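K.L.:
Before we start, here is the structure in question, set down as structure tokens.
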Amino acid sequence: MNAMQRIRSLALPLSALMAALVLAGCASAPPTVAEHAGVAVPARFSAGKDAAAPGWTTAAPAEAQPRGTWWLAFADPELSALVERAGQANTDVQAAAARLAEARALLRSADAQRQPQIGAAGGAVRQAGANTANGLQPATLVTAGLNFSYEADLFGRLSRASEAAREDANAREALLQSTRLMVQADVAQTYLQLRSLQAERQLVEQSLAAYRETLKLIERRYRAGDAAELDVARMQTEVSATEAETLALERQQAALTHALAVLVGDVATNFTLASSAAEATLPVIPQGVPATVLARRPDVAAAQASVLAAQARVGVAQAAWFPAITLTGNGGYASPELGDLFKWSARSWGIGALLSLPVFDGGQRAAQEEGARARLEAAVAAQRGQVLAALREVEDQLSALRLLAGQAQVLGQAVQSSERATHLSDVRYRNGLVSQLELLDARRNELRNRRQALQVRTAQYTATVALIRALGGGWDAAAKAG
């Protein structure tokens with residue numbers, strides 16, 4: 001082959017390569033998605049209709065900020081130990097960690113596609129019809145060498161696939177943080193509800209003891225002829241009804257204990273939680289918590305990463321319209337005799353460039369691009385819904401805490417008044433100045449008010465933990481990060 005023939009043989013691939021480079025210059029990336037998917041984030045949270053104090057500000061995403069050990073604000077060592085234990089042994093956290101490891105492995109695999117691929121190869125082929133010195137005789141060809149291939153990412157297909165895998169890994173990491181925060185919040189709420197049930201059960205048992213003492217007193221007066229049988233029957237009814245309430249509280253306590261055992265990764269049969277006289281501290285939420293805490297929400301960060309991954313996959317689908325160019329090479333030895341395989345005269349090598357461009361695919365690439373854009377729109381809608389849900393959850397818990405604080409104050413006054421009324425009714429009943437019905441009504445009112453006060457206190461604990469979860473973590477960590 002002369003020089004002119006060689007030039008003509010290279011003309012077609014070089015022309016195709018130049019055309020591909022021109023098309024690459026015309027390729028455009030998919031549009032960038034808005035940071036909050038079109039949601040107008042308020043400058044501050046309302047915290048109730050009468051809230052006008054400044055201090056809430058808008059902020060950029062801050063999912064990398066620490067969440068802090070927010071459970072320490074409750075000043076309960078046993079709660080802290082359970083939360084730390086759940087962070088290590090909870091099965092949901094372990095599953096989320098495994099999914100993150102899988103996503104990171106897929107990212108490394110996608111990055112590896114952009115690197116040169118080198119492999120060793122060797123073989124022996126026995127073929128008939130070989131032209132040898134003795135004529136057309138069967139011959140053996142032994143080969144050994146290295147193969148090289150590298151796809152020139154001229155149109156960004158591989159880089160965008162790697163970017164999508166990276167955003168998938170970021171989303172999985174954010175979901176791991178979201179799962180960990182969810183488990184921590186569930187542990188705290190379950191524990192605080194269990195402690196409240198234990199306190200409520202003790203309160204009912206104290207009332208039951210008082211009812212039993214009153215029943216003994218009425219029975220003595222009945223035997224002495226100073227009380228009617230109706231009084232004994234009424235008091236016995238009150239004792240039995242209170243005993244039933246005690247058993248119901250014990251059943252609820254057992255269910256919460258078993259739920260707490262599962263959250264910390266333990267068997268419900270072996271898990272116990274002893275009663276404690278100490279009460280957890282109710283954290284005080286400062287007025288000036290910045291809005292950066294909302295930007296730390298891991299589920300919002302995961303939704304944003306999913307949008308970016310879907311956006312990158314639109315670019316991958318667009319790049320499928322352009323040709324794929326792969327550089328190849330091989331070098332080694334080939335010989336019909338094994339003993340002559342590694343001689344210098346048996347060396348062989350080759351280089352090449354492969355260009356692949358589908359001409360007709362029945363609309364497959366167009367359908368893939370359309371599907372990628374649809375998934376992008378779905379991811380944007382999901383992100384918008386996540387941001388709206390986050391704002392609603394914060395507002396819900398702020399309103400709940402404000403109203404619960406007022407309810408707790410009113411119930412505190414009611415408890416004091418009912419305790420005084422019970423004491424006065426008991427004295428008057430023992431002196432024969434009032435009937436038994438008045439004493440029973442006073443005790444019922446006192447028990448009802450005290451139980452309601454405990455339940456409101458529990459609701460304050462639950463709403464505080466829910467607010468911490470809605471904000472993406474504790475406010476102390478946000479203040480230090482800021």
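Here, each number is a calculation from the coordinates, and none is a lab measurement. Since the structure is predicted, the reported quantities are computational estimates derived from the model, not experimental observations. All Cβ positions, even for glycine, are placed from backbone atoms using ideal geometry, and neighbour counts span all protein chains on display.
K.L.:
Taking a point 7 angstrom from the Cα of ALA389 along the C-beta vector, which residues in the stretch 455-469 have backbone N less than 20 Å away?
P.N.:
463-469
K.L.:
At a Förster distance of 25 Å, what's the computed FRET efficiency of ARG448 paired with LYS216, Cβ-Cβ distance as r, to 0.05?
P.N.:
Numbers: r = 24 Å, r/R0 = 0.95.
Plugging the Cβ-Cβ distance into 1/(1 + (r/R0)^6) gives 0.55.
K.L.:
With the crude spin-label approximation of a point 7 Å out along Cα→Cβ, what separation in nm comes out for VAL427 versus LEU273?
P.N.:
About 4.1 nm separates the two model spin labels.
K.L.:
Can you compute the FRET efficiency between TYR150 and ALA105 using 1/(1 + (r/R0)^6), with r the Cβ-Cβ distance and R0 = 25 Å? Round to the nearest 0.05.
P.N.:
Values: r = 23 Å, r/R0 = 0.90.
The calculated FRET efficiency here is 0.65.
K.L.:
Using the crude model of +1 on Lys and Arg Cβ and -1 on Asp and Glu Cβ, and no other charge, please compute the dipole size for the stretch 345-462 relative to its Cα centre, in debye to 20.
P.N.:
Values: 16 positive and 12 negative charges, 92 e Å.
Result for the stretch 345-462 is approximately 440 debye, rounded to the nearest 20.
K.L.:
Most exposed first by the Cβ proxy, i.e. fewest other Cβ within 10 Å, how do HIS258, HIS423 rank?
P.N.:
Details: HIS258 16, HIS423 12.
The fewest-first ordering by Cβ neighbours comes to HIS423, HIS258.
K.L.:
What FRET efficiency do you get for ARG365 and ALA124 if R0 is 35 Å and r is their Cβ-Cβ distance, rounded to the nearest 0.05?
P.N.:
Details: r = 41 Å, r/R0 = 1.19.
For ARG365 and ALA124, the calculated efficiency is 0.25.
K.L.:
Give or take rounding to whole Å, what are the principal axis extents of the alpha carbon atoms in the stretch 174-307, in descending order?
P.N.:
For the stretch 174-307, the Cα extents along the three principal axes come out at 82, 41, 26 Å.
K.L.:
Could you give the length gained by full extension between ASP441 and GLN202, i.e. 0.36 nm per residue of separation minus their alpha carbon distance, to one decimal place? Numbers along the way, then the final one.
P.N.:
Values: separation 239, 0.36 × 239 = 86.04 nm, distance 2.04 nm.
Separation in residues times 0.36 nm, less the Cα-Cα distance, equals 84.0 nm.
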